[in-house]
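The values are calculated or read from the model by the stated rules, or taken from the named source; none is laboratory data. Just so we're clear, the structure is a prediction, and the values are computed from it rather than from any experiment. Here the Cβ positions follow ideal geometry from the backbone for every residue, glycine too, while neighbour counts run over all protein chains shown.
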Ligand SMILES: NC(=O)c1ccc[n+]([C@@H]2O[C@H](COP(=O)([O-])OP(=O)(O)OC[C@H]3O[C@@H](n4cnc5c(N)ncnc54)[C@H](OP(=O)(O)O)[C@@H]3O)[C@@H](O)[C@H]2O)c1
């Protein structure tokens with residue numbers, strides 16, 4: 001069985017690869033000409049905006065499942081580069097959904113908790129998205145393409161992802177945080193943003209399960225701890241043995257030049273607990289898992 005994963009060099013993909021290895025023939029797509037060498041993985045250097053190139057590669061590989069993790073994932077960059085965000089997060093997703101549906105291939109799409117406006121919190125899969133920024137808007141459009149392409153497709157809404165990169169670097173706030181704390185640098189965390197962070201190890205394992213099982217539709221992949229980001233920073237710093245005063249509380253709504261963020265984007269993970277065998281974890285359990293994970 002062949003698994004195609006986009007965003008090969010990204011944070012989430014690294015954990016997906018670690019969990020799929022052994023059960024799947026893994027093909028990864030990334031833009032770097034010099035990716036990390038992961039033995040036993042087929043790496044394809046391609047910009048996903050190259051539709052012809054992607055179509056040829058897809059037809060050559062003929063995957064049994066696709067996990068689409070590539071995206072322009074920086075909220076503030078999407079806000080000021082809306083045309084590119086639309087092309088990458090919507091256009092590419094639509095192209096992959098179309099090809100998967102033409103060939104009867106299951107697609108798992110990485111969406112986000114920030115599709116919600118953050119007024120209600122504890123969001124369930126049937127709640128209606130109301131995006132506050134352009135990144136979230138592109139993810140909602142991507143979700144619609146994925147869901148309308150096939151009932152067997154999965155929209156996995158990822159909570160804030162916490163952890164150390166399993167392969168390479170990617171977009172890990174924990175790695176940045178440890179780097180700063182070890183140098184005694186203060187770190188601002190927004191107290192107004194409540195999340196249900198999911199650790200990258202639980203997430204990678206869950207996404208692989210979703211590629212393998214019979215579930216289709218929307219699913220929320222979030223942790224068991226509902227916490228604001230400032231408290232989350234404090235808890236992590238404390239567990240890691242760094243001084244709590246290095247974690248500084250801010251209000252992200254008052255930051256100039258920042259795209260709007262949802263206040264309470266916490267997600268209910270009851271469905272994930274029913275559909276996925278991988279257990280959902282608390283913040284402390286997830287931290288322990290990511291610090292000790294060996295690939
Ligand atoms: N991390 C989180 O907290 C979080 C939360 C919710 C949802 N998500 C979603 O989860 C997915 C994975 O996130 P992540 O944290 O792993 O992000 P990441 O580390 O930024 O990885 C995203 C990857 O997408 C690749 N990419 C972007 N544009 C591309 C293009 N045109 N062609 C080929 N590759 C392209 C990037 O390649 P380059 O390395 O070449 O730039 C990067 O490796 C994304 O869809 C994100 O929106 C993440």
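Based on this model, can you work out whether residue 115 counts as in contact with a helix residue (DSSP H, G or I) (Cβ under 9 Å, 6 or more places away or on another chain) and within 13 Å of the ligand (Cβ to nearest atom)? Spelling it out, residue 115 is indeed in contact with a helix residue (DSSP H, G or I) (Cβ under 9 Å, 6 or more places away or on another chain) and within 13 Å of the ligand (Cβ to nearest atom).
In region 240-248 there is no residue matching the filter, namely being buried (at least 24 other Cβ atoms within 10 Å of the Cβ) and touching a helix residue (DSSP H, G or I) at 6+ places or on another chain (Cβ under 7 Å). From the list 181, 207, 174, the lone residue that is within 10 Å of the ligand (Cβ to nearest atom), assigned to a helix (DSSP H, G or I) and either crowded, with 20+ Cβ neighbours inside 10 Å or touching a residue at least 24 places away in the same chain (Cβ under 8 Å) (or both) is 207.
Look at residue 71 and say whether it is touching a helix residue (DSSP H, G or I) at 6+ places or on another chain (Cβ under 7 Å), crowded, with 22+ Cβ neighbours inside 10 Å and either without any contact (Cβ under 8 Å) to a residue 40 or more places away in the chain or in a helix (DSSP H, G or I) (or both). So residue 71 fails the test.
Of the residues making up region 9-29, those that are touching a residue at least 40 places away in the same chain (Cβ under 8 Å) and within 11 Å of the ligand (Cβ to nearest atom) number 9. The set of residues in region 58-68 that are in a helix (DSSP H, G or I) and under 18 Å from residue 106 (Cβ atoms) comprises 58, 59, 61. Any residue in region 235-247 that is touching a strand residue (DSSP E or B) at 6+ places or on another chain (Cβ under 8 Å) and within 28 Å of residue 131 (Cα to Cα)? No, that holds for no residue. The residue of region 33-42 that is farthest from residue 205 (Cα to Cα), among those that are touching a strand residue (DSSP E or B) at 6+ places or on another chain (Cβ under 7 Å) and within 12 Å of the ligand (Cβ to nearest atom), is 33.
The criterion of at least 2 residues that are at pLDDT 95 or above and over 24 Å from residue 14 (Cα atoms) is met, among helices (runs of 4 or more DSSP H) falling completely within region 225-295, by 229-240, 270-275.
Looking at residue 38, is it touching a residue at least 60 places away in the same chain (Cβ under 8 Å) and either in a strand (DSSP E or B) or within 12 Å of residue 208 (Cα to Cα) (or both)? The answer is no for residue 38. Would you confirm whether any residue within region 78-101 is touching a helix residue (DSSP H, G or I) at 6+ places or on another chain (Cβ under 6 Å), free of Cβ contacts under 8 Å to residues at least 40 places away in the same chain and surrounded by fewer than 24 Cβ atoms within 10 Å (Cβ to Cβ)? For region 78-101, residues touching a helix residue (DSSP H, G or I) at 6+ places or on another chain (Cβ under 6 Å), free of Cβ contacts under 8 Å to residues at least 40 places away in the same chain and surrounded by fewer than 24 Cβ atoms within 10 Å (Cβ to Cβ): absent.
The residue that is nearest to the ligand (Cβ to nearest atom), counting only those in region 145-171 that are at pLDDT 95 or above, within 20 Å of residue 36 (Cβ to Cβ) and touching a strand residue (DSSP E or B) at 6+ places or on another chain (Cβ under 9 Å), is 161.
Filtering 58, 54 for residues that are over 19 Å from the mean Cα position of the chain (by Cα), in contact (Cβ under 8 Å) with a residue 12 or more places away in the chain and within 11 Å of the ligand (Cβ to nearest atom) leaves a single hit, 54. Number of residues in region 106-138 that are touching a residue at least 60 places away in the same chain (Cβ under 8 Å), closer than 15 Å to residue 95 by Cα and either assigned to a helix (DSSP H, G or I) or over 14 Å from the mean Cα position of the chain (by Cα) (or both): the value is 2.
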